[in-house]
Amino acid sequence: VDTLDTGPDAPGWPRTASQEDAAHAVTALYQAHAVSMIRIALLMLGDRSTAEDVVQEAFLGLFRRWHGLNDTGKAEAYVRSAVLNGCRDAVKRRDRSARRDLVAAALDRREPPSVEGAALISEDRRRILAGLRVLPGRQREALVCRYYLELSEEETARAMGVSRGTVKSTTSRAIAALGRMLGEGLC
Amino acid sequence: VLNENDNLNWLPAETAAAMRDLARTVTEAPPLRLTADATGLAPARPRGPRFRWSWGAPLLAAVAVVALAVALGIVRNLPSAQLTPSATLTTPTPAPGTTAPVTTAGGLPEYYVALHPASGSHGAPNGLVVGDTVTGKTVAVVAPPAHSTFVSVSGAADDRTFAVAAAPTAGGPALDIGFYLLTITPGGSPAARLTQLPMEPLPGVIATALSASGKELAVATANSAVTGGPATRELAVYSVATGRPLRSWSTGNTSAIVSDAMPGVQFGAYADQYPALSWTDADRVVEFPVFARTGGTGPGYLVEVRGMSVTAADGDLIVESKILASFTGLDAPPCGTFFPMLSGNGTTLFCLVSSGQEGHTNPTTVRWQLMWQPRATTLANAEKFRSLPYIKVIGVPTGSAVYPATAWVSSAGSTVLIEWSVVAPGAAGGHRTSIRFGELTLKEDGWKFTPLPAPAIFAGGGLPGIAW
């Protein structure tokens, strides 16, 4: 069994006892969950650096609110919620500042996330990922929740703040759109 | 190239695979920047847009929090070497310095007493083993009385006196539990002496706890399973010296002490015991949990930790007791475990939340997070309370079960013995393939874990029981 001890460190922090506790607790949670959160954000945003920023901000938010949490045992759930919210906001900002088009998305698929990533991801799946990036945010979120996080329709509905029926229709439309883009060679 | 008539049934699975491929490209995270500027608590300056925070129902609860209640013996220590000598329960003021807790240089109690199959084989009647906490060496072995098997153990603060409950091996419709006192004298001859307490055996016993002074024994019963009468829970305090009951309280609320709402609860037939009682506040209070499923539109779970003053008049267990801590949860039992462990001074509860939701780190390994979370009770000074958790992340083979436990908490809540073990898929008889046990100590910069030899009680299934 591979084990990983927590070892929080937060240099530069103006410390009181309670703030220090919060800093260590949040840092320990970050060490435990940051990679998985960045993965979710990367799927939502398609951009590693923005994904890392969103996750960073989510954990900072957790830190700011640590002492107001009713149940710190659910801090991880709060962070996941914050990451999803952060991704939605990031998508809105990005869409407002420079609306991406299909051509840009098609170019993106030729930019794998890393050399290692290029070796890991087949061309067919890179086309799917490129298509995923140009789906509307809610459709992409539905697919991430349903097929990556393997949430049920009910759980996805709660995560997205919509009804179960909306999850079904959104997922269905997303798959149809993805299939259409693949069929038409747009991704 | 697809056309409109193509069936897209394959696409969800392939999309999931593509997303997993992309996710796997992330293998590390940059350091968290918790500086004064980044946290926004420094003097105000322009910041980037802040993200909206959702305080709705917990999201993405794809994997249930696993609440694990390992039936460990209930033990505690005493604050500032204060013990009560009260045998009549009429003088709750503790007398100072009558007995000092015996501990190692590091603050741990030196010896533990654990149930152990008398013949060394699984399924044999349980005897007792006395072990050295730090070295793991066996100090003494005690056989069970004839036709009996030990089912639970709890310790006094002197680390030399333990109460042991025993059930008949023959079973039957009404298992009468008998009580014994084990006194250990390391280096003496014998090193451990077992004497029967002058108490009548009791049916329906579900939990016991010896007071820190070793002078009182708290016993909880659920008699309905045995007698077939109305469902009740009863808490009684007995004099160890005379065996006489000193106080008793009862309730028809079957959420109290060991709740009917807990999964897998079976009273009576198997003499199952639970770590549901402890003494606190210098032997003035007996603590017990209330666990309920609430349903409806409110929170789904309620856990209260209640304290019963031993000076309270006989009567209703719920009415006479006071809430020390209360938690609600929507999707999973709050505070993780059904039986959070309380520090001897009554200020700190240790919640234990275990979850395997981290998913696969590779096709054969799943990440689990184990978190021991101190929570303040109503007896704590909230302003000074340190809620810093200890978090352990482990990778285990896919399909494994992980069992964490809080085994012992010091008086002040700053030293804790913890354990976690893994049952790998296919392990014969649920045998735990990996056991970690050790001491948590609270330092200025957080909790420090020091491994210790794991007592054998943690290795297998069956009915656990260990006390310090």
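A:G137: in contact (Cβ under 8 Å) with a residue 24 or more places away in the chain and not β-branched (V, I, T), yes or no?
Yes: the conditions hold for A:G137.
Within segment A:122-140, which residues are part of a helix (DSSP H, G or I), open to solvent by 40 Å² or more (accessible area, probe 1.4 Å) and either touching a Leu at 6+ places or on another chain (Cβ under 9 Å) or at the interface with chain B (Cβ under 9 Å from one of its Cβ atoms) (or both)? Working first, answer last.
Going through segment A:122-140, the residues part of a helix (DSSP H, G or I) turn out to be A:123-134, A:137-140.
Going one step further and asking which of them are open to solvent by 40 Å² or more (accessible area, probe 1.4 Å), we end up with A:123-127, A:133-134, A:138.
Of everything in segment A:122-140, those that are part of a helix (DSSP H, G or I), open to solvent by 40 Å² or more (accessible area, probe 1.4 Å) and either touching a Leu at 6+ places or on another chain (Cβ under 9 Å) or at the interface with chain B (Cβ under 9 Å from one of its Cβ atoms) (or both) turn out to be A:D124, A:R125, A:R126, A:R127, A:R133, A:V134.
Do you know which residues across segment B:315-336 are modelled with pLDDT of 85 or more, under 18 Å from B:T294 (Cα atoms) and small (G, A, S)?
Let us first name the residues in segment B:315-336 that are modelled with pLDDT of 85 or more, namely B:315-326.
In the following step, the residues that additionally are under 18 Å from B:T294 (Cα atoms) were identified as B:318, B:323, B:325-326.
The answer is B:A325, B:S326.
Among (1) more than 9 Å from chain A (Cβ to nearest Cβ); (2) under 20 Å from B:V303 (Cα atoms), there is one condition B:V402 misses while meeting the rest; what is its number?
(2)
Report, by residue number, each residue of segment A:145-154 that is more than 7 Å from every other protein chain (Cβ to nearest Cβ) and either within 21 Å of A:D89 (Cα to Cα) or in a helix (DSSP H, G or I) (or both). I'd like the intermediate steps shown before the answer.
At the first step, the residues of segment A:145-154 found to be more than 7 Å from every other protein chain (Cβ to nearest Cβ) are A:145-146, A:152-154.
Listed by number, the residues that qualify are A:C145, A:R146, A:E153, A:E154.
Kindly indicate whether any position in segment A:155-162 is at the interface with another protein chain (Cβ under 9 Å from one of its Cβ atoms), in contact with a Ser or Thr (Cβ under 6 Å, 6 or more places away or on another chain) and assigned to a helix (DSSP H, G or I).
Let us first name the residues in segment A:155-162 that are at the interface with another protein chain (Cβ under 9 Å from one of its Cβ atoms), namely A:155-156, A:158-161.
Those still in the list that are in contact with a Ser or Thr (Cβ under 6 Å, 6 or more places away or on another chain) too: none.
Checked segment A:155-162: no residue is at the interface with another protein chain (Cβ under 9 Å from one of its Cβ atoms), in contact with a Ser or Thr (Cβ under 6 Å, 6 or more places away or on another chain) and assigned to a helix (DSSP H, G or I).
Please find, within segment B:391-411, the residue that is surrounded by the most Cβ atoms within 10 Å (Cβ to Cβ) out of those that are within 24 Å of A:L69 (Cβ to Cβ) and in contact with a helix residue (DSSP H, G or I) (Cβ under 8 Å, 6 or more places away or on another chain). Full working, then the answer.
First pass over segment B:391-411, keeping only residues within 24 Å of A:L69 (Cβ to Cβ): B:391-393, B:404, B:406, B:409.
Now restrict to residues that are in contact with a helix residue (DSSP H, G or I) (Cβ under 8 Å, 6 or more places away or on another chain): B:391, B:393.
Working: B:I391: 27, B:V393: 21.
Per the stated criteria, the residue is B:I391.
Step by step: first the residues of segment B:262-285, then only those that are over 16 Å from the mean Cα position of the chain (by Cα), aliphatic (A, V, I, L, M) and open to solvent by less than 20 Å² (accessible area, probe 1.4 Å), then the one that is modelled with the lowest pLDDT. Which residue is that?
So, considering only residues that are over 16 Å from the mean Cα position of the chain (by Cα), aliphatic (A, V, I, L, M) and open to solvent by less than 20 Å² (accessible area, probe 1.4 Å), the one modelled with the lowest pLDDT is B:A271.
Find the strands (runs of 3 or more DSSP E) located wholly in segment B:148-221 whose residues include 3 or more that are without any contact (Cβ under 8 Å) to a residue 40 or more places away in the chain, surrounded by fewer than 24 Cβ atoms within 10 Å (Cβ to Cβ) and out of contact with any Gly (no Cβ under 7 Å at 6 or more places or on another chain), and list them.
Qualifying strands (runs of 3 or more DSSP E): B:176-184.
Go through A:L29, A:L43 for me and flag whichever is at pLDDT below 85, open to solvent by less than 10 Å² (accessible area, probe 1.4 Å) and part of a helix (DSSP H, G or I).
On the way: A:L43 fails: at pLDDT below 85.
Of A:L29, A:L43, the one residue that is at pLDDT below 85, open to solvent by less than 10 Å² (accessible area, probe 1.4 Å) and part of a helix (DSSP H, G or I) is A:L29.
Going by the conditions given, is A:G179 facing chain B (nearest Cβ under 7 Å), free of Cβ contacts under 8 Å to residues at least 60 places away in the same chain and open to solvent by less than 10 Å² (accessible area, probe 1.4 Å)?
Numbers: facing chain B (nearest Cβ under 7 Å): yes; free of Cβ contacts under 8 Å to residues at least 60 places away in the same chain: yes; open to solvent by less than 10 Å² (accessible area, probe 1.4 Å): yes.
Criteria met by A:G179.
The values are calculated or read from the model by the stated rules, or taken from the named source; none is laboratory data. These figures come from a predicted structure and were not determined experimentally. Positions of Cβ are generated from backbone atoms using ideal geometry, with glycine treated the same way; all protein chains shown enter the neighbour counts. The area values use the complete protein model at the heavy-atom level, side chains included, leaving out ligands, DNA and RNA. Shrake-Rupley method; radii C 1.70, N 1.55, O 1.52, S 1.80 Å.
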